[in-house]
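Scroll down for the structure; my scribbles are underneath it.
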Amino acid sequence: MPVTEFIPGQRWISNTEAELGLGMVTSNADRRVTIVYPAAEEERTYATDNAPISRVEYPVGDAISNSAGIRIKISERLEKNGCFIYIGLDDEGDEHIISEIDLDCHVQFNRPQDRLFAGQIDKLSRYQLRLDTLEHQHAQQKSETYGLSGGRVQLLPHQFYIAHEVANRYAPRVLLADEVGLGKTIEAGLILHQQLISGRAQRVLITVPDSLIYQWLIEMMRRFNLHFSIMDELRCTAIEMSGSGNPFDTAQLILCGQSFINNNTTRVEQILACDWDMLIVDEAHHLVWSEDAPSPLYTTIEKLANVIPSLLLLTATPEQLGLESHFARLRLLDPDRYSSLDQFREEQAHYTEVNALVQKLLAADGIQQLSSDTQFQTEINNFLGEATAAKLIADAQDGNAEDAIQQCISHLLDRHGTGRVLFRNTRDAVPGFPQRILVPHPLPMPEALLSNMEDYSLDQILQPEAQLGVDWLEFDPRVEWLDNWLKSHRLEKTLLICARAETAQALEEHIRLRKGVRSAVFHEKMTLINRDRAAAYFADTEEYAQVLICSEIGSEGRNFQFAQHLIMFDLPLNPDLLEQRIGRLDRIGQKNDVHIHIPYYEDSAQAVLLRWFDEGINAFRHTCPAGQALFTQFEETLTTLLLDGVDEETFSTLITESQQASQKILHEMQQGRDRLLEMSSCRPAKAAELVESVEDTENRHQLVDYMEHVFDQFGVDQQTNGPHSVILQPTDQMIEHRFPGLPEEGCTATYSREEALSREDMQFLNWEHPMVTGAMEMIIGSEFGNTAVCTVKLPPLQPGTLLVEAVFVLYCAAPRHLNLQRYQPQATVRVVLDNSGNNLSKIITPGHLNKLGERVKRHAAQNLIRHGRQQISTVLTKAEAVAESQQAELIKAAISKATLILNEEVERLEALIKVNPSIRPSEITQLRADRTSILDHLSSAKLKMDAVRIAVVSD
């Protein structure tokens with residue numbers, strides 16, 4: 001029947017809009033054909049000579065249904081007046097007659113063989129893109145670092161080690177406690193991103209200090225493409241008034257301030273009524289606890305932590321606030337494990353012994369001791385158990401000493417201490433930090449302060465501007481110094497921190513209005529939006545503020561490593577707060593030395609505190625993890641000197657004793673648990689492997705080629721924008737209404753991690769970016785490109801030979817978090833047969849058909865398929881049989897790999913839980929359940945035809 005012969009009642013299907021279902025011809029006149037699609041309630045009119053539609057002709061043997069739901073297997077097909085009549089039997093054996101006009105309109109042709117025989121034939125380029133997508137997706141999902149490579153972050157080994165170690169656990173509950181500047185937020189983001197992309201988590205609640213809400217919102221969005229919804233009282237009330245029910249059920253990812261949920265019974269109850277997978281708490285040292293009187297915020301977080309499976313606590317001061325405070329946070333992670341403060345104190349003392357053993361193993365003669373020293377071997381035996389120790393000692397004696405040493409250390413770290421629930425890297429162990437340079441600026445004390453000093457409190461002495469009166473800006477030498485200093489450093493960004501919001505506001509108005517300095521202010525009395533605007537103005541690379549003046553809240557959480565000068569307009573009494581201030585600039589990513597400027601009055605309390613911080617505990621030039629302990633030890637003497645004035649003999653004694661105490665505490669920390677913690681928080685060899693794995697799977701050039709192909713096929717306009725970026729724009733020619741991850745206004749993107757780190761205005765395209773994963777899901781989750789027809793010149797074969805290439809995937813409907821592709825040996829099974837049934841799979845490679853295959857016009861391809869349907873059906877049946885013969889071996893290989901990996905993981909945890917109570921029984925229970933589920937799903941997997949290409953050999 002010629003294509004132009006359209007008869008009312010005939011059923012056709014759209015080649016470009018398959019989702020419309022089965023269409024029916026209603027009229028054919030004036031070289032126009034009108035087809036109605038009842039399932040979609042749509043109507044289309046086409047030119048009869050090039051209509052993008054295909055006639056639906058069901059052959060004998062197919063199953064069909066009518067609009068009443070009667071389903072038959074066709075035994076006879078008749079044609080009358082250009083329309084078909086189908087005769088067949090239903091499941092009960094009763095005969096029915098179904099006319100073409102009465103066919104079910106909701107039918108969809110998704111299977112490649114169905115689409116092929118319905119005349120829905122894709123371009124060769126789309127077919128190739130589908131197969132490429134299957135291979136790329138499989139390669140990503142089986143990678144060891146799946147879920148960790150998508151962030152816009154530097155590839156820092158310690159961060160990726162922690163993220164990999166934590167993210168692969170069931171419902172991880174850990175304390176991230178890296179020193180200031182090492183990237184706890186990045187680590188939390190990596191863990192969260194991996195948990196979400198792998199399906200282990202779906203609903204997440206993050207609670208942070210109010211001043212950090214928008215920073216977290218932006219960090220999660222820009223670095224990890226995670227879009228959180230901010231929940232506050234105003235939004236909750238609006239949602240409730242709209243009748244939408246529980247406000248916390250309206251989004252999957254929610255971010256809120258800690259003050260919002262602190263002692264707020266109604267909102268906490270609403271949170272508890274929802275199902276959550278993960279809770280993240282930033283600045284967890286704000287959770288104040290004592291056995292008798294925990295703070296309201298601690299109690300609130302404790303309620304949430306008791307019902308939410310996964311918990312990440314972030315703090316840079318895990319132990320400096322005291323052992324009791326440290327215990328309180330570990331208690332949130334595992335209240336059963338950390339139930340007694342006294343028992344915890346005993347365990348802490350025990351870690352020194354383990355550390356001493358590790359130091360012996362790391363010593364120059366560690367190998368010799370492990371091989372021959374019986375006393376040393378006895379100590380190893382006591383800590384690791386007889387079986388494990390015996391194997392390691394035997395390995396050492398057999399010449400595998402270095403491996404045995406490393407394994408021995410790994411076992412010790414796994415089995416002792418808080419290393420499984422607490423991660424803390426120190427700056428000493430992580431390279432890449434700038435040098436700190438202290439620049440003191442002594443100034444004369446204002447005359448107004450020379451008298452009545454004894455009437456002032458310590459805060460008033462350390463923040464003297466309030467005592468100078470309303471005109472203090474005119475009399476304070478620090479202000480004049482600041483004016484002159486900023487004038488001589490106009491091209492250098494500077495962060496200024498002071499204790500009080502009133503001071504910050506007055507200073508900023510003074511230098512901006514009177515001195516013409518480009519400046520911004522940042523303090524707690526501003527709205528969060530205005531604070532973020534100020535921070536953004538300071539961070540801008542073109543039109544930027546020379547100086548950002550912050551109150552104390554600027555020293556917590558914010559990152560300003562693009563500036564190199566820090567001015568402390570006053571000094572905080574708390575050494576940890578001093579470190580927080582410096583840590584705003586002294587961070588990984590800082591490319592310059594950090595200059596710390598301290599304008600202070602000579603012969604004043606400020607001068608005393610400056611000297612004690614510098615000479616006594618060395619807090620300016622290096623981090624001081626013992627700062628809080630030292631302040632507690634010498635607080636009385638230091639306070640007396642600050643209030644009553646300097647007695648040189650007493651002050652010299654204080655400096656000497658502080659230095660000695662600092663050295664002693666630092667030595668104890670190195671000898672005790674800190675050293676163990678450092679080693680367990682980043683094992684260099686493993687960390688290097690992870691970074692290398694991320695670099696390998698990134699494969700930027702392969703991704704560029706793939707996405708260019710994707711954009712071309714889906715109609716997205718792409719224009720080169722310099723050597724490392726591309727401009728992407730939606731067009732009217734897109735085959736989908738929206739392209740995943742592409743804004744309506746378009747965007748600029750880069751495939752370069754280096755470019756992305758320096759240009760946050762660009763999208764960072766990688767294999768885990770929503771634009772890439774969304775495109776993959778859109779291709780694989782639909783019939784896109786699953787049929788193709790071509791001609792090919794292959795001299796060894798006779799012209800006219802028909803080749804059928806069928807591509808199969810191992811399919812089973814399993815939960816996403818099981819990630820079955822991790823165990824599958826290959827992405828696809830490919831079978832190539834000729835029309836005689838000969839298996840040519842190994843002879844005719846994908847390269848032959850991809851390079852030599854030439855397109856066939858759609859009309860010719862449809863005629864070819866129509867005339868060769870019976871023969872093609874027979875070959876496809878044989879192809880399925882060939883694939884099925886390989887199914888058992890594929891499943892066996894997948895099950896073998898899964899069994900090996902999962903048994904090893906289960907056995908390791910089972911061994912650890914006997915000696916390390918930090919292992920939660922629920923982890924092992926879940927791992928066993930996952931193992932059973934994975935093996936069951938793999939056992940029931942089936943090879944399913946995913947794509948088919950027909951090739952005709954030409955001369």
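Some notes on this structure:
- Residues located in the stretch 65-107, provided they are touching a Lys or Arg at 6+ places or on another chain (Cβ under 8 Å) and assigned to a strand (DSSP E or B): Ser65, Phe84, Ile85, Tyr86, Ile87, Gly88, Leu89, Leu103
- Among (1) over 30 Å from Glu144 (Cβ atoms); (2) free of Cβ contacts under 8 Å to residues at least 40 places away in the same chain - the single one Arg759 does not satisfy: (1)
- Of the residues making up the stretch 822-838, none is part of a helix (DSSP H, G or I), surrounded by fewer than 21 Cβ atoms within 10 Å (Cβ to Cβ) and either among the polar types (S, T, N, Q) or not assigned by TED's automatic domain parsing to the domain that holds Met945 (or both).
Each row is one residue, and each column tells you yes or no for (1) crowded, with 20+ Cβ neighbours inside 10 Å; (2) more than 28 Å from the chain's Cα centre (by Cα); (3) free of Cβ contacts under 8 Å to residues at least 60 places away in the same chain.
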position: Ala251; (1), (2), (3): no, no, yes
position: Ile254; (1), (2), (3): yes, no, yes
position: Gln258; (1), (2), (3): yes, no, yes
position: Ile261; (1), (2), (3): yes, no, yes
position: Asn264; (1), (2), (3): no, yes, yes
position: Ala273; (1), (2), (3): no, no, yes
position: Glu283; (1), (2), (3): yes, no, no
position: Asp292; (1), (2), (3): no, yes, yes
position: Glu302; (1), (2), (3): no, no, yes
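- The stretch 584-606, subset over 26 Å from Lys493 (Cα atoms) and not hydroxyl-bearing (Ser, Thr, Tyr), residue surrounded by the most Cβ atoms within 10 Å (Cβ to Cβ): Ala605
Yes/no per residue for (1) within 27 Å of Asp459 (Cα to Cα); (2) in a helix (DSSP H, G or I); (3) out of contact with any Phe, Trp or Tyr (no Cβ under 8 Å at 6 or more places or on another chain):
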| residue | (1), (2), (3) |
| --- | --- |
| Gln505 | yes, yes, yes |
| Ile511 | yes, yes, yes |
| Ala520 | yes, no, no |
| Met526 | yes, no, yes |
| Arg531 | yes, yes, no |
| Tyr544 | no, no, no |
| Ile553 | yes, yes, no |
| Phe562 | no, no, yes |
| Leu566 | yes, no, yes |
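- Entry remark, the stretch 108-143: residues being in a helix (DSSP H, G or I) and touching a residue at least 24 places away in the same chain (Cβ under 8 Å) number 23 in total.
- Checked against the criteria, Leu577 does not count as touching a residue at least 24 places away in the same chain (Cβ under 8 Å) and under 23 Å from Gln660 (Cβ atoms).
- Flag if Leu742 is surrounded by 19 or more Cβ atoms within 10 Å (Cβ to Cβ), more than 30 Å from Lys857 (Cα to Cα) and of a type in the set (A, V, I, L, M): yes
- Of Ile393, Ile380, Ile367, all but one fail to be in contact with a Cys (Cβ under 7 Å, 6 or more places away or on another chain), outside the structural domain of Asn306 (by TED's automatic domain parsing) and more than 18 Å from Ser918 (Cβ to Cβ); the exception is Ile380.
- Identity of the residue in the stretch 738-784, basic (Lys, Arg) and part of a loop (DSSP other than H, G, I, E, B), that ends up farthest from Gly722 (Cα to Cα): Arg738
- The stretch 867-887 residues that are within 22 Å of Glu57 (Cβ to Cβ), paired with ones that are part of a helix (DSSP H, G or I) (beta carbon under 7 Å, 6 or more apart): Arg869/Phe117; Ile872/Ile865; Leu876/Gln113
- When Tyr37, Tyr46 are checked against the criterion of being modelled with pLDDT of 85 or more, outside the structural domain of Gly868 (by TED's automatic domain parsing), among the hydroxyl-bearing types (Ser, Thr, Tyr) and closer than 21 Å to Asp114 by Cβ, a single residue qualifies: Tyr37.
- Put simply, of Leu148, Leu175, Leu155 the only residue that is in a strand (DSSP E or B) and either modelled with pLDDT of 90 or more or more than 30 Å from Leu577 (Cβ to Cβ) (or both) is Leu175.
- Some residue of the stretch 166-173 being without any contact (Cβ under 8 Å) to a residue 60 or more places away in the chain, in contact with a helix residue (DSSP H, G or I) (Cβ under 6 Å, 6 or more places away or on another chain) and among the β-branched types (Val, Ile, Thr): no
- Among the residues of the stretch 467-490, just one is free of Cβ contacts under 8 Å to residues at least 12 places away in the same chain and of a type in the set (A, V, I, L, M), namely Val470.
- The requirement of being surrounded by fewer than 23 Cβ atoms within 10 Å (Cβ to Cβ), within 16 Å of Glu492 (Cβ to Cβ), of a type in the set (D, E, K, R) and over 27 Å from the mean Cα position of the chain (by Cα) is satisfied by Glu542.
The values are calculated or read from the model by the stated rules, or taken from the named source; none is laboratory data. Remember, predicted model here, so these are calculated numbers, not experimental data. All Cβ positions, even for glycine, are placed from backbone atoms using ideal geometry, and neighbour counts span all protein chains on display.
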